[in-house]
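Beneath this line is the structure, given in structure tokens, with notes to follow.
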Amino acid sequence: MFNCVSLPQWLDDYIFNQQNANYCPSNSDMTVIDWDKSNVLNYLGTYFPRSYAEAYCIFSEYFKQHLHEWQNRENISVFDFGCGTGGEIIGLLEAVGKCLPSIKHVEISALDGNYAALRIFEKIIKMYAAHINIDIRNRVIPITIDDFYDLSVLDTVLIDKFDIIMSFKAICEFVTKERFERQNAYEHIVKTFIPKLKDNGMMLLVDVTTYNNVSQEWLPLMMDKGLNRVACPVVMKNDGYNQLFAVSHSRHQRDVSKIAWRIIRKQGNL
């Protein structure tokens, strides 16, 4: 399946003309957490639109297939692990607006270790809230995760449970920087956040499909190995090795990204 969407005009104008984002793709292993503001602006102009398109398409299809579970809700809660500048959050909110008109309130908790990215995200979400009829309550969590021991800190930060937990192209950074030594980062992340899901809540993991030079393994295969050790079932995933998405905006038409994605569901008392 090949999906192509366009960045909303107001959002395109805001990130490129008001925030001075740059379209600057790179195929190298990304460690966004260490980037300064100029690097973050390159990320904003390149990967924010891609994450927006990916999230919009994936969540739209998920809500369509599971409409009976979501169509009468008025409130949802979301946690984004490694939110960066928030492209996937805006994509999710666009999918909610399209598929779930009953939703009136969205609670967002967004964690990232890059302060420059978080500041830009706060500006974007404030602008976005002015364009929709959904009450958005946003909380940023500026925490750097150096290793898997630091994940325990989140037990004191994330008191509530969430309907949706997601992570977009963030876990690859932990692999590249060996934050979890040589243990499977996907397995550790999922096991950490499953208790933070509400019953029948869903978790979306998205990552790049490259060969990681540090782990010496293709990341989608590493993702599947980690999820196979977790009790929650994979209920949706991309077909084959990866899925192509395309987003059009003022700096590039049909900019293509390739990702691997998996959705798992929390069932029972897990």
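The residue that is least open to solvent (accessible area, probe 1.4 Å), counting only those in segment 182-199 that are in contact with a strand residue (DSSP E or B) (Cβ under 9 Å, 6 or more places away or on another chain) and not in a helix (DSSP H, G or I), is Leu197.
When segment 125-181 is limited to residues that are assigned to a helix (DSSP H, G or I), farther than 16 Å from Gly82 by Cβ and charged (D, E, K, R), the one that is least open to solvent (accessible area, probe 1.4 Å) turns out to be Asp155.
Looking at segment 236-270, which of its residues are over 19 Å from Met222 (Cα atoms) and crowded, with 17+ Cβ neighbours inside 10 Å?
Phe245, Ala246, Val247, His249, Arg251, Asp255, Ser257, Arg265, Lys266
If the condition is being of a type in the set (Asp, Glu) and either open to solvent by less than 50 Å² (accessible area, probe 1.4 Å) or modelled with pLDDT under 95 (or both), then segment 29-70 contributes Asp29, Asp34, Asp36, Glu54, Glu69. Residues that are of a type in the set (S, T, N, Q) and more than 16 Å from the chain's Cα centre (by Cα) within segment 185-232 comprise Thr192, Asn200, Thr210, Asn212, Asn213, Ser215, Gln216, Asn228, listed in sequence order.
Pick out the one residue from Asp112, Asp146 that is at pLDDT below 90 and more than 17 Å from Ile76 (Cα to Cα). Please lay out each step first, then the result.
On the way: Asp112 fails: at pLDDT below 90.
Within the list Asp112, Asp146, the selection yields Asp146.
Quick check: is even one residue across segment 5-28 in a strand (DSSP E or B) and either under 17 Å from the mean Cα position of the chain (by Cα) or modelled with pLDDT of 95 or more (or both)? So far as segment 5-28 goes, yes, one or more of its residues are in a strand (DSSP E or B) and either under 17 Å from the mean Cα position of the chain (by Cα) or modelled with pLDDT of 95 or more (or both).
The values are calculated or read from the model by the stated rules, or taken from the named source; none is laboratory data. Worth saying up front: this structure is predicted, and the values here are computed from it rather than measured. Cβ: placed from backbone, ideal geometry, glycine included. Neighbour counts: every protein chain shown. Ligands, DNA and RNA are stripped out before the accessible areas are found, and what is left, the full protein with its side chains, is counted by its heavy atoms. Shrake-Rupley method; radii C 1.70, N 1.55, O 1.52, S 1.80 Å.
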